[in-house]
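Scroll down for the structure; my scribbles are underneath it.
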Amino acid sequence: MQRHSTISPLLSLPGAVPAEGLDEGVAAHYGDLFREQRALADGTGLVDLSHRGVIAVSGKDRLDWLHLLLTQHVSELPAGQATEALILSAHGHIEHALYLVDDGETVWAHVEPGTQEALLAYLESMKFFYQVDVADRTDEFAVVHLPAGSIAEVPEGVVVRETPQGRDLFLPRAALESYAADNGPAIGVLAHEALRVEAHRPRLGFETDHRTIPHEIGLIGPAVHLQKGCYRGQETVARVHNLGKPPRRLVFLHLDGSEVHLPGHGTPVRLAVDGEESRQLGFITTSARHHELGPIALALVKRNVPVDAELLAGNTAAAQEVIVEP
């Protein structure tokens, strides 16, 4: 993925350590990862997600048009109601993930850093005769996350996407620094990621690769509506749903806390077999250090891996919890 070049002004705050990889441009943490996690869990602070892309779709046909392209039912989406949706390839593989809200005039979506240009190009190619306008608003708006329970005020006119996990604000980018000063403390993306892993929420580019289908990572329902048609990749979704046999499944792992280093993205997952190395059954997608659970991870494994099997993530012992039923 190509990343947006904007560097957050919150990286100038005391203790800020820059994030790397897809989250480059914002802070990984501000000096105390577990304190930041506890703050989020307690409903305080804000997470700077200003590196994420922002796409806006306006025009009277916007909901009907998006309904034809997305995996989610949005033709009658009420103003202010948050939802999420995917865009699939013709073979049903996940290409884009959108986190949406309609404000009554415009659908606002935030997307993974660096994906907005390809998404915009696809949407522009599908406009045809529909009365819609699609724009990349990343340079003008920054995404800020307020955790569930936060009492921080939202400035008048700011679009809010509210979910059980909290509120995502589409904040004017010029107001980011002052808003953080008034509603902090600022919290890094590593704390946000640890709580995401704990909640079993997949993320494009981490829990997905070029062949991931929605069933494998638990997105049937949250992002894929099974009672609608007319979108690219629908045939694969219906076939796999009816057969009930996706090739892989997402699992949650409790990792052995005695290891100093967390297994990184792509680390092989194998059966724990004494005396010999077993064949690879999957790979780590995201790992994190959690303030209560210790080291944890998400992983994609083959569907037929026994749910009670003891696993190894690299050399680290791992006990699995089922997310997607085999």
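The values are calculated or read from the model by the stated rules, or taken from the named source; none is laboratory data. Note that the structure is predicted; figures quoted are calculated from it, not measured. All Cβ positions, glycine included, derive from the backbone under ideal geometry; neighbour counts span all protein chains shown. With ligands, DNA and RNA removed, areas are computed over all heavy atoms of the protein, side chains included. Shrake-Rupley method; radii C 1.70, N 1.55, O 1.52, S 1.80 Å.
Between ARG211 and ASP308, the simple label model (points 7 Å from Cα in the Cβ direction) yields a spacing of 3.1 nm.
Between ASP32 and GLN131, full extension at 0.36 nm per residue minus the direct alpha carbon distance yields a gain of 30.8 nm.
Per-residue Karplus couplings for region 206-222, computed as 6.51 cos²θ - 1.76 cosθ + 1.60 with θ equal to phi - 60°, are listed in order as 10, 8, 10, 10, 5, 10, 5, 10, x, 4, 5, 10, x, 9, 6, x, x Hz, Gly and Pro entered as x. Taking every protein chain into account, the accessible area of the chain amounts to 45 square angstrom per residue (probe 1.4 Å).
Taking amide H as placed 1.01 Å from N in the peptide plane, the amide H of THR286 sits under 5 Å from that of LEU298, each at least 5 places away or on another chain. For region 241-326, relative contact order (Cα pairs under 8 Å, six or more residues apart, normalised by length) works out to 40 percent. Counting only chymotrypsin sites (Phe, Trp or Tyr not before Pro) that are in a DSSP loop and have at most 13 other C-beta atoms within 10 Å, tell me the longest site-free stretch of the chain. Result, exposed sites excluded: 130-326.
Taking only the C-alpha atoms of region 196-326, the Rg (one decimal) and the largest Cα-Cα distance, Dmax (whole number), read 15.3, 52 Å. When the helices of the chain are scored as -39500 (n - 2.57) per DSSP H run of n ≥ 4 and the total is divided over every residue, the value at 222 nm lands at -5000 deg cm²/dmol.
Taken one residue at a time, the phi angles of region 19-31 give Karplus couplings (6.51, -1.76, 1.60, θ = phi - 60°) of 6, 10, x, 5, 9, 4, x, 10, 7, 6, 6, 10, x Hz. Gly and Pro are set to x. Rounded if a/c is under 1.5, else prolate if a/b beats b/c, else oblate: with a ≥ b ≥ c from the C-alpha gyration tensor eigenvalues square-rooted, which is the chain? Cα axes put the chain in the oblate bin. Positive-end ranking of LEU293, GLN131, GLN165 along the dipole of the chain, with charges on Cβ about the Cα centre, is headed by GLN131.
Eigen-decomposition of the gyration tensor built on the alpha-carbon atoms of region 190-264 gives equivalent ellipsoid semi-axes of 29, 13, 11 angstrom, largest listed first.
Heavy-atom accessible area with a 1.4 Å probe sorts LYS60, LYS228, LYS302, largest first, into LYS60, LYS302, LYS228. Per-residue 3J(HN,Hα) values for region 175-189, derived from phi via the Karplus relation 6.51 cos²θ - 1.76 cosθ + 1.60 with θ = phi - 60°, read 9, 4, 5, 5, 5, 5, 5, 8, 10, x, x, 6, 10, x, 6 Hz in sequence order (x marks Gly and Pro). With a simple spin-label model that places each label point 7 Å from the Cα along the Cα-to-Cβ direction, the separation between HIS241 and VAL17 comes to 4.3 nm. Summarising the amide proton neighbourhood of ALA27: residues at separation of 5 or more, or on other chains, whose placed amide H is nearer than 5 Å comprise ALA19, VAL189.
Full extension of the chain segment joining GLU321 with ASP61 gains 89.3 nm, where the gain is 0.36 nm per residue of separation less the Cα-Cα distance.
Total lysine pairs in the chain at Cα distances under 28 Å, for residues eight or more apart or on different chains: 5.
Near LEU63: Cβ cut-off under 13 Å, other residues only, Lys/Arg at +1 and Asp/Glu at -1. The net charge is -3.
Note on GLU124/ALA148: beta-carbon distance plugged into 1/(1 + (r/R0)^6) with R0 of 35 Å gives a FRET efficiency of 0.50. Here the chain is assigned +1 on the Cβ of each Lys and Arg and -1 on the Cβ of each Asp and Glu. Its dipole about the Cα centre then comes out at about 880 debye. Accessible surface ranking for VAL240, VAL273, 1.4 angstrom probe, highest first: VAL273, VAL240.
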